[in-house]
Amino acid sequence: MSYYCAVCNGMELLECACPVCGHPAQDEGKLSDFYGPYSPYRNIDDLKLTNGFIDLEQHICVHSIYCPECGRSSAQPVRETNQLH
């Protein structure tokens, strides 16, 4: 069964609070896109095998979020779906 991230595919917006200060944080895209210059072009499931998260088994897409209020970046898990919207 194929799973996908509705946020990455533009079907939903990622709205979350900064875990440090609680202000609204901004989605900066998949965390794996920041691993290196060719990361955005690698197979998503291949990256999930080596990124240190349990995202492949749990069908999670890990996004990078940034808080403009306190200047912190952190990882935010997004549940992937296999349902059509």
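Side notes on the structure shown:
- Criterion violated by Asn9 - all others in (1) surrounded by 14 or more Cβ atoms within 10 Å (Cβ to Cβ); (2) at pLDDT 85 or above; (3) under 18 Å from Glu80 (Cα atoms) satisfied: (1)
- Listed by first and then second residue, the pairs with beta-carbon distance under 8 Å, at least 6 apart or on different chains, first residue in region 7-34 and in a loop (DSSP other than H, G, I, E, B), second surrounded by fewer than 12 Cβ atoms within 10 Å (Cβ to Cβ), are Val7/Leu13; Met11/His85; His23/Pro68.
- Any hit, region 68-79, residues being of a type in the set (Val, Ile, Thr) and either assigned to a strand (DSSP E or B) or free of Cβ contacts under 8 Å to residues at least 40 places away in the same chain (or both): yes
- Residue in region 43-62 that is touching a Ser or Thr at 6+ places or on another chain (Cβ under 8 Å), open to solvent by less than 60 Å² (accessible area, probe 1.4 Å), in a loop (DSSP other than H, G, I, E, B) and modelled with pLDDT of 90 or more present: no
- Screening region 22-72 for residues that are in contact with a helix residue (DSSP H, G or I) (Cβ under 9 Å, 6 or more places away or on another chain) and of a type in the set (Gly, Ala, Ser) and picking the one that is nearest to Cys8 (Cα to Cα) gives Gly29.
- All conditions in (1) out of contact with any strand residue (DSSP E or B) (no Cβ under 7 Å at 6 or more places or on another chain); (2) open to solvent by 90 Å² or more (accessible area, probe 1.4 Å) hold for Phe34, with the sole exception of (1).
The values are calculated or read from the model by the stated rules, or taken from the named source; none is laboratory data. All values derive from a computational prediction rather than experimental measurement. Reconstructed Cβ throughout: ideal geometry from the backbone, glycine too, with neighbour counts over all protein chains shown. These area figures cover heavy atoms from the full protein model, side chains too; ligands, DNA and RNA do not enter into them. Shrake-Rupley method; radii C 1.70, N 1.55, O 1.52, S 1.80 Å.
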